Amino acid sequence: MNKLTIFGITALAFAMSACGGGSSTSSDSGTPNVGHNGSIDVANVALDGAISCDVPQFAQKLLAEINAVRAQPRNCGTHNFGPTASLGWNSMLADAAASHTMDMAAENYYSSTNPSGEVYSDRITDAGYKFSYAGEVLALLSGDVTANNAIPRAMTAWLADPGHCAALKSSVFDEVGASCVKVGKKAYFTVDLGGL
């Protein structure tokens, strides 16, 4: 069984400078070089198993799946999308996603709005990410969720839903960060998207 959230995009213009900040990402040789506004070379990202559903190279695999979808034309419900530019990985978006995914798993809820009323654009802003566009897609997988099937199952669910499909194909986004947390037979996914 899979559940999906309703997709949303927020368009906000901020006149603030990009903030640095901590990251949930690391590499074997230390902390990767984090660029402007949290951009990072995904090849250097190693997420802790607790926020990646123990999927080895979670960031690289998920980003490759999303970018493969973006590279091809796709019909998302009644909207046809042509090929779209690839996304880059962003440490700040990954931090926002991990925070929300851990919260959903710990508090046993499933929504882009947390129990205190905070929404994805609040979390993305709190992570220090400067954006003109922000969006979030969620998935809740249940049953036999493994390191081998977690990403394919989430991608299948997102692409079957016109709103989520459109979010993943949208040209307003150029960066992404994501996480996955397993609790028992449930796996919570958060994918935060941003664009300048």
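Assorted remarks:
- Qualifying residue in region 69-82 (condition: closer than 21 Å to VAL42 by Cα and either of a type in the set (A, V, I, L, M, F, W, C) or under 13 Å from the mean Cα position of the chain (by Cα) (or both)): yes
- Residue tally, condition over 18 Å from ASN67 (Cβ atoms) and either free of Cβ contacts under 8 Å to residues at least 24 places away in the same chain or in a helix (DSSP H, G or I) (or both), over region 77-99: 6
- Those residues of region 74-95 which are open to solvent by less than 50 Å² (accessible area, probe 1.4 Å) and within 24 Å of PRO162 (Cα to Cα), in sequence order: CYS76, GLY77, PHE81, GLY82, THR84, LEU87, GLY88, TRP89, LEU93, ALA94
- Matching entry among ALA147, ALA154, ALA106, ALA167 (being part of a helix (DSSP H, G or I) and surrounded by fewer than 19 Cβ atoms within 10 Å (Cβ to Cβ)): ALA106
Per-residue answers, yes or no, for (1) closer than 20 Å to ALA50 by Cα; (2) in contact with a Cys (Cβ under 7 Å, 6 or more places away or on another chain):
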| position | (1), (2) |
| --- | --- |
| ARG70 | no, no |
| ARG74 | no, yes |
| THR78 | no, no |
| GLY82 | no, no |
| SER86 | no, no |
| ALA96 | yes, no |
| MET104 | yes, no |
| TYR110 | yes, no |
| GLY117 | no, no |
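- When ALA134 is tested against the conditions (1) within 28 Å of THR78 (Cα to Cα); (2) of a type in the set (Gly, Ala, Ser); (3) more than 14 Å from the chain's Cα centre (by Cα), the lone failure is (3).
- In the set (1) without any contact (Cβ under 8 Å) to a residue 12 or more places away in the chain; (2) in contact with a His (Cβ under 8 Å, 6 or more places away or on another chain); (3) not hydroxyl-bearing (Ser, Thr, Tyr), the condition left unmet by GLU107 is number (2).
The values are calculated or read from the model by the stated rules, or taken from the named source; none is laboratory data. Here the structure is a predicted model, which is why all the values come from computation and not from measurement. Neighbour counts run over all protein chains shown; Cβ positions are idealised from the backbone, glycine included. Just the protein is used for accessible areas: all its heavy atoms, side chains included, with ligands, DNA and RNA removed. Shrake-Rupley method; radii C 1.70, N 1.55, O 1.52, S 1.80 Å.
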